[in-house]
Amino acid sequence: MILYDIPDIRLFWSEDERFLKQFIVPHIWQKIKFQPLSRYPPLINDISFWLPSGTYSKNDFYDLARTIGGDLIEKIVLVDEFTHPK
């Protein structure tokens, strides 16, 4: 982290090509300095809401979020799903 000035250790587990491509160089002795992926600090928002059964597609929500957030939204992930037994 100190060698490349990487601020967050979690980036080492990243599969983001923007991060990984920074460390592909033609010569092993070439100096590398990490360039931040976004000019905005990372932000994670958890959202919970009720949905009627059968009339909703996950892609509808993803499209809505990206329409409003534009390029500021890098990733949308469904983490958990709950269906009430009634």
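The values are calculated or read from the model by the stated rules, or taken from the named source; none is laboratory data. The shown structure was predicted, so the numbers you read here are calculated from the model rather than taken from an experiment. Quick reminder, even Gly has a Cβ in these numbers, built from the backbone with ideal geometry, and neighbours come from all protein chains shown. Note: areas computed on protein heavy atoms with side chains; ligands, DNA, RNA excluded. Shrake-Rupley method; radii C 1.70, N 1.55, O 1.52, S 1.80 Å.
A residue that is open to solvent by 90 Å² or more (accessible area, probe 1.4 Å), at pLDDT below 85, within 30 Å of residue 83 (Cα to Cα) and β-branched (Val, Ile, Thr) can be found somewhere in region 38-49.
Residue count for region 1-31 under the criterion of being over 23 Å from residue 74 (Cα atoms) and part of a helix (DSSP H, G or I): the result is 0.
The listed residues are 73, 2, 28, and the only one of them that is exposed (fewer than 10 other Cβ atoms within 10 Å of the Cβ) and either acidic (Asp, Glu) or at pLDDT below 85 (or both) turns out to be 28. When residue 78 is tested against (1) hydrophobic (A, V, I, L, M, F, W, C); (2) open to solvent by less than 100 Å² (accessible area, probe 1.4 Å); (3) closer than 30 Å to residue 4 by Cα, only condition (3) is not met. With respect to the conditions (1) open to solvent by 100 Å² or more (accessible area, probe 1.4 Å); (2) in a helix (DSSP H, G or I); (3) touching a residue at least 12 places away in the same chain (Cβ under 8 Å), residue 35 falls short on a single one, namely (2).
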